[in-house]
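Every number here is computed from the coordinates shown, using simple stated rules; none is lab data. These figures come from a predicted structure and were not determined experimentally. A quick note on method: Cβ atoms are made from the backbone with ideal geometry, for glycine too, and the neighbour counts reach across all protein chains shown.
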Amino acid sequence: MNGQSLKLALLGCFLCLATVGCKDAPGKPKLESEALRPDQVLDFPTLYRQNCAACHGENGKNGAAISLANPVYLSMVGGDTIQRFTAAGIPGSLMPAFSKGAGGMLTDRQIGVPRAWHGRDVGTSRCNRRCATASVRKQLSR
Ligand code: HEC
């Protein structure tokens, strides 16, 4: 083997090790375990825990702010109202605006999640108000 081909062989070896080595490099996210980007989270309990629980309480109650899991509240308020407050906040109070348009961190799809979750079964003939409220409370206590 002359000097030239030894160099080539070494180079080939190095490249091979480099590519194989990189595949399982520590810290490199694997596809299946890759965490969702914050703006891709659409799971209500997760969104709630990350954005609302600090004020509205761990399970939607016993927080500093109004209990959202209160059945009386939920039976009075509609999905529209929840979506509006979540997007725009309540000026003059501690309730922040969450929509990106209003300076918040949540996308329009995410803003729609509490609403969708509140009204999940409403409108189907088999679910009345009480059933919708129960489903909301179940979600919040997960
Ligand atoms: C920094 C504290 C804080 C955070 C975080 C927060 N809220 Fe609020 N929220 C409040 C306060 C305080 C009020 C009551 C404002 C008032 O009426 O004076 C409120 C009110 C509301 C209302 C209206 C209640 C009504 O009067 O009908 C809704 C709906 C609501 N919050 C939903 C949410 C959701 C959903 C999240 C998370 C995406 C969230 N909040 C996060 C503090 C907060």
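I'd like the FRET efficiency for D108 and M76, computed as 1/(1 + (r/R0)^6) with the beta carbon distance as r and R0 of 25 Å, rounded to 0.05.
FRET efficiency, D108 to M76: 0.50.
Given points 7 Å out from each Cα along the Cα-Cβ axis, report the D43 to K100 separation in nanometres with one decimal.
Going by the 7 Å Cα→Cβ label model, 2.2 nm.
Summing Lys, Arg as +1 and Asp, Glu as -1, what charge do residues with Cβ under 12 Å from the Cβ of Q50 carry, Q50 excluded? Don't skip to the answer; put the middle values down first.
On the way: positive: R49; negative: D39, D43.
Residues close to Q50 contribute a combined charge of -1.
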